[in-house]
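Have a look at the structure below before the remarks.
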Amino acid sequence: MRQQWTRRASLSASLKIGDHRGRYRTPEEEESHIPFAQDSLIRQWNSMQNVADENQEKSQTPIQRSKYLLNINVGGKLFQIACKILAKYPITRLGKLALYTDPMKKLQLCDDYLVQKNEYFFDRDPMIFHYIFHFYRSGVLWVMEEMCPSNFVEEIEYWGIHLKYSQRCCRILFEEKQDELSEYLKIEKELEAELEPLESGEQFNGKFLGRFRKAVWNLIENPYSSVPAKIIAVMSSFFVLISIVGMTLSTVEEMKKTGKMWMEQMEMICAIFFTSEYLMRLISSSSFKNFLRAAFNAVDLVAILPFYIQLLFENMDEGDMQYHEELHKVENVSKLGKVLKLIKLMRIFRILKLARHSTGLRAFSFTMRQCYQQVCCLLLFIAMGVFTFSALIHSVEHDVPGTDFTSIPYAWWWAAVSLSTVGYGDTVPDTILGRMVAFVCISFGIILNGMPISILYNKFSDYYAKLKAHEMSQSHQLSRRIRLKERVLQKFSECWRADPHYYR
């Protein structure tokens, strides 16, 4: 029998009195050190042991087949736990293993059973089981910060141990870390969905003109698939900018007289390009319903509709001007002119087409979707500030002759401008109390505007960096393919020049 050393009653269960090796360990001993456990109750296990060494070990240390001890092998490491201790937790897996008398039920709880050594084998993580082993001996489940929350929860659920057995401070920190990890994984999943195209090229397999539609889809939706696809993406952004510049110049009086024809032709070219791009996306779509639900496709439709509605209304105007005979027809023509101006203004939404090829706009849109709660809280605080300070400034300034704060709705503009710290100066308070209210309003606006900026900026920079990294990886793959083609052509030219028939 091995001599049992006296142990100190502390958390360091493997530290023995009189044994100086527990204080200073060599690197080899540090690797074999097992926390929260007695060295005498845990030993290394190897299925490929030498037979002679195994026989020698059997002769020195006989196998314990006591009904009071349970031999548990977890991932190659042997643990011995008293059945009386395991019986205190009958709901857990090891508690059931200690209480069951039916061998078949015991075999259902473990992965394997070694009859010669009376060992129950579990193919689980032995490092995490050290904390499970310590839980059975002390009744406290320790949670370390360096452990993965998902892996740890999976392991304790397998062993049937609840997190409530851990200390409250450890449990709070662990749950916070678990929530952060879940939120991080959720955002990563949504970012992957944002990076991936709306449709996959595999959806065209087995469909009508599948190969042709897949080629068109790669040409329009995947700018990093080939050089022509990248050229089309650049042309789309170029035509959007040209269209916005043309719409802006059309409001200048000098351009209306000299460059009207030129701007109309430019608008027609842009509309033709946008229409052909929209039709190509419609043809290459594998699902018409999903195509209509996509936000970018709705933006494309809004970008081309004003041009055709304008043509329709202009034809209606010409017909009414030629054949109108009553006064109400002339009134209808003027109403149509107002509607036509409104439709022309809808062309400003074409700038949203840049979000399809702009990493910054996509990151901004993704940030707004992820931080909508913070943005809604900010808008709520701004509304509360506007109503509060407009009422205060009206109650202080309404008796002043010639004041602009004649009512609370008239004071809304002043409160909104002051909260945003813009301060146009078109409306100012005259009394001392009014200026004090204005100072408090501006101070509140500074504090209010400073709170969400850091949150939004940090998340935007994080999302933008991830989107940009993905874009750069795809761009690098495309440029590498291009250089490969150049190298192949150069190799062929060198081989052709080395041919002696080349000089004849």
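The values are calculated or read from the model by the stated rules, or taken from the named source; none is laboratory data. Computed from a predicted structure; not experimentally measured. Positions of Cβ are generated from backbone atoms using ideal geometry, with glycine treated the same way; all protein chains shown enter the neighbour counts. The accessibility values were calculated without ligands, DNA or RNA, using every heavy atom of the protein model including side chains. Shrake-Rupley method; radii C 1.70, N 1.55, O 1.52, S 1.80 Å.
For the range 204-226, name all the residues that are part of a helix (DSSP H, G or I) and either open to solvent by less than 30 Å² (accessible area, probe 1.4 Å) or within 15 Å of residue 357 (Cα to Cα) (or both).
Those that are part of a helix (DSSP H, G or I) and either open to solvent by less than 30 Å² (accessible area, probe 1.4 Å) or within 15 Å of residue 357 (Cα to Cα) (or both): 204, 210, 216, 217, 218, 219, 220, 221.
Have a look at 268, 280 and point out the one that is modelled with pLDDT of 75 or more and open to solvent by 90 Å² or more (accessible area, probe 1.4 Å).
268
Among (1) more than 15 Å from residue 92 (Cβ to Cβ); (2) small (Gly, Ala, Ser); (3) at pLDDT 85 or above, which single condition is residue 150 missing?
Status for residue 150: all satisfied but (3).
Of all residues in the range 125-149, how many are within 27 Å of the chain's Cα centre (by Cα) and open to solvent by 60 Å² or more (accessible area, probe 1.4 Å)?
Summing the residues that are within 27 Å of the chain's Cα centre (by Cα) and open to solvent by 60 Å² or more (accessible area, probe 1.4 Å) in the range 125-149 gives 3.
Name the residue, out of 234, 245, that is surrounded by fewer than 13 Cβ atoms within 10 Å (Cβ to Cβ), more than 17 Å from residue 279 (Cβ to Cβ) and either under 29 Å from the mean Cα position of the chain (by Cα) or of a type in the set (Asp, Glu) (or both).
234
If we scan the range 249-269, do we find a residue that is of a type in the set (Ser, Thr, Tyr), touching an Asp or Glu at 6+ places or on another chain (Cβ under 9 Å) and assigned to a helix (DSSP H, G or I)?
no
Quick check on the range 297-343: of everything there that is open to solvent by 70 Å² or more (accessible area, probe 1.4 Å) and among the aromatic types (Phe, Trp, Tyr), which residue is modelled with the highest pLDDT?
Among those residues, the one meeting the criterion is 308.
Table: residues versus (1) at pLDDT 65 or above; (2) open to solvent by 80 Å² or more (accessible area, probe 1.4 Å); (3) of a type in the set (Phe, Trp, Tyr).
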position: 410; (1), (2), (3): yes, yes, yes
position: 419; (1), (2), (3): yes, no, no
position: 436; (1), (2), (3): yes, yes, no
position: 441; (1), (2), (3): yes, no, no
position: 446; (1), (2), (3): yes, yes, no
position: 458; (1), (2), (3): yes, yes, no
position: 469; (1), (2), (3): yes, no, no
position: 472; (1), (2), (3): yes, yes, no
position: 480; (1), (2), (3): no, yes, no
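Please list, ordered by first then second residue, the pairs with beta carbon atoms under 8 Å, 6 or more apart or interchain, first in the range 142-164 and free of Cβ contacts under 8 Å to residues at least 12 places away in the same chain, second open to solvent by less than 50 Å² (accessible area, probe 1.4 Å).
Filtered contacts from the range 142-164: 162/156.
Anything in the range 360-385 that is in contact with a helix residue (DSSP H, G or I) (Cβ under 7 Å, 6 or more places away or on another chain) and open to solvent by 20 Å² or more (accessible area, probe 1.4 Å)? List them, or say none.
Hits for the range 360-385 are 360, 361, 362, 364, 365, 368, 370, 374, 375, 378, 381, 382.
Output the residues belonging to the range 422-434 that are open to solvent by less than 70 Å² (accessible area, probe 1.4 Å) and either under 13 Å from residue 389 (Cβ atoms) or touching a residue at least 12 places away in the same chain (Cβ under 8 Å) (or both).
Selection gives 423, 427, 429, 431, 434.
Read through the list (1) touching a strand residue (DSSP E or B) at 6+ places or on another chain (Cβ under 6 Å); (2) within 26 Å of residue 184 (Cα to Cα), then give the number of the only condition that residue 135 fails.
Checking residue 135 against (1) touching a strand residue (DSSP E or B) at 6+ places or on another chain (Cβ under 6 Å); (2) within 26 Å of residue 184 (Cα to Cα), the one that fails is (2).
Which residues, counting only those in the range 222-252, are among the small types (Gly, Ala, Ser) and within 21 Å of residue 472 (Cβ to Cβ)? Before the answer, list the steps.
The first filter runs over the range 222-252 and keeps only residues among the small types (Gly, Ala, Ser), leaving 225-226, 229, 233, 236-237, 243, 246, 250.
Of everything in the range 222-252, those that are among the small types (Gly, Ala, Ser) and within 21 Å of residue 472 (Cβ to Cβ) turn out to be 225, 226, 229, 233, 236, 237.
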